[in-house]
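What follows is a short report on a single structure.
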Amino acid sequence: MAAPFSWIKPEPHGIYIEPADCWVDPSRAVDKALVTHGHADHARGGHGQTVATPETLAIMKLRYATSDGATPVEYGETIRLPGGVDATYIPAGHVLGSAQILLEHAGERVIVTGDYKRRADPTCPPFEVTACDIFITEATFGLPVFCHPPIEEEMQKLLDRLAAHPDRCVLIGAYALGKAQRVIAELRAAGHTDPIYLHGAMEKMCRLYEEHGVDLGELRMVAEHTKEDMRGAIVICPPSALNDRWSRRLPDPITAMASGWMRVRQRARQRNVELPLVISDHADWGELTRTIREVDAQENWITHGREDALLRWCQLHQRRARALALVGYEDEDD
Ligand SMILES: [Zn+2]
Ligand SMILES: [Zn+2]
């Protein structure tokens with residue numbers, strides 16, 4: 001009989017499932033990949049076969065124009081892989097289509113979370129705590145200093161600033177997949193019904209969210225409107241466009257950015273952000289430790305971020321843990 005869990009192998013380029021000869025979120029092209037969600041550090045183009053939720057496959061098709069060998073799996077659905085491995089996709093609460101992947105083989109259960117958060121998000125179903133033997137968790141914000149405020153507070157800060165400057169606009173830098181749509185949906189939930197203006201690079205992903213049932217209200221393209229139209233309005237662009245020439249067409253923008261990293265003053269200053277909004281699609285320290293407690297796995301494997309502090313926390317709380325050395329993951333998506 002094989003040693004326990006010898007079928008699942010953390011390699012530098014992803015988690016390898018040996019009996020099925022397939023990878024989870026591989027950072028290079030492989031024959032067969034299970035993909036947790038559409039962010040670029042998890043979803044690469046060029047795999048022979050890609051198994052993911054229909055939403056993630058749609059996102060990948062839009063971004064990489066490769067839809068060969070796409071195998072859709074709905075939330076809660078289990079598919080049988082070669083070698084007697086079952087894979088079940090479970091909501092991760094991170095972005096549209098994001099999933100934790102439960103792998104079962106020879107009576108052993110392993111969960112790969114991909115990225116996740118525990119806060120409510122109007123654009124995707126919430127993270128589901130699921131029992132397993134090994135819990136492979138991300139740790140993007142794995143330091144006690146990271147404590148994301150309630151999103152309602154950040155929305156209020158934003159709306160107050162907008163109301164105080166009716167002749168200007170608030171320009172929010174937000175990652176094009178996930179963050180932008182969540183900010184828009186939260187603005188709608190806060191009662192902001194005015195049109196929201198978009199940089200051209202945001203349009204297709206917002207339309208994709210709408211096609212998957214996420215209501216974003218009235219969206220307008222910046223390129224089709226004048227400075228006058230946009231006074232007193234919210235404009236959303238990719239973080240890279242915040243300080244470039246493009247923003248000259250806007251009426252005296254107040255520069256904002258929606259990111260978990262806005263907790264770090266240095267990061268806000270680097271981007272000349274006047275209004276930092278601490279809004280993250282990743283679990284903060286409290287969410288990470290709570291999740292490890294609730295899942296209560298025999299062992300926790302920590303990856304994708306600041307592994308050391310979370311590893312230390314596990315040791316202090318008598319929980320078995322190890323840090324993985326996966327390469328090719330970036331924090332740019334938050
Ligand atoms: Zn992500
Ligand atoms: Zn990630």
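Here are a few things to note about the model shown:
- Which numbered condition residue 260 misses (of (1) open to solvent by 10 Å² or more (accessible area, probe 1.4 Å); (2) assigned by TED's automatic domain parsing to the domain that holds residue 203; (3) within 16 Å of ligand 1 (Cβ to nearest atom); (4) not hydroxyl-bearing (Ser, Thr, Tyr)): (1)
- All of (1) under 23 Å from the mean Cα position of the chain (by Cα); (2) outside any strand (DSSP E or B); (3) under 17 Å from residue 142 (Cβ atoms) hold for residue 279 with one exception: (3).
- Some residue of segment 62-70 being under 27 Å from residue 288 (Cβ atoms), free of Cβ contacts under 8 Å to residues at least 60 places away in the same chain and within 16 Å of ligand 1 (Cβ to nearest atom): no
- If the condition is being of a type outside the set (A, V, I, L, M, F, W, C) and either crowded, with 18+ Cβ neighbours inside 10 Å or touching a strand residue (DSSP E or B) at 6+ places or on another chain (Cβ under 7 Å) (or both), then segment 239-250 contributes 239, 247.
- Of all residues in segment 115-133 being under 15 Å from the mean Cα position of the chain (by Cα) and farther than 20 Å from residue 147 by Cα, the one that is nearest to ligand 1 (Cβ to nearest atom): 124
Listed here are the residues, each with its yes/no results for (1) farther than 30 Å from residue 193 by Cβ; (2) assigned to a loop (DSSP other than H, G, I, E, B).
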{"position": "243", "(1), (2)": "no, yes"}
{"position": "246", "(1), (2)": "no, no"}
{"position": "257", "(1), (2)": "no, no"}
{"position": "261", "(1), (2)": "no, no"}
{"position": "269", "(1), (2)": "yes, no"}
{"position": "287", "(1), (2)": "yes, no"}
{"position": "294", "(1), (2)": "yes, no"}
{"position": "300", "(1), (2)": "yes, no"}
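- Condition check for residue 110: more than 19 Å from the chain's Cα centre (by Cα), of a type outside the set (D, E, K, R) and either buried (at least 24 other Cβ atoms within 10 Å of the Cβ) or within 25 Å of residue 309 (Cβ to Cβ) (or both): yes
- Search result, residues across segment 113-142 that are open to solvent by 60 Å² or more (accessible area, probe 1.4 Å) and either outside the structural domain of residue 53 (by TED's automatic domain parsing) or free of Cβ contacts under 8 Å to residues at least 60 places away in the same chain (or both): 120, 126, 128
The values are calculated or read from the model by the stated rules, or taken from the named source; none is laboratory data. A quick note: this is a predicted structure, and the numbers were derived from the prediction, not measured. Heads up, the Cβs are rebuilt from the backbone with ideal geometry, glycines too, and the neighbour counts pull from every protein chain shown. To get the accessible areas, we keep the full protein, side chains included, count just its heavy atoms, and leave off ligands, DNA and RNA. Shrake-Rupley method; radii C 1.70, N 1.55, O 1.52, S 1.80 Å.
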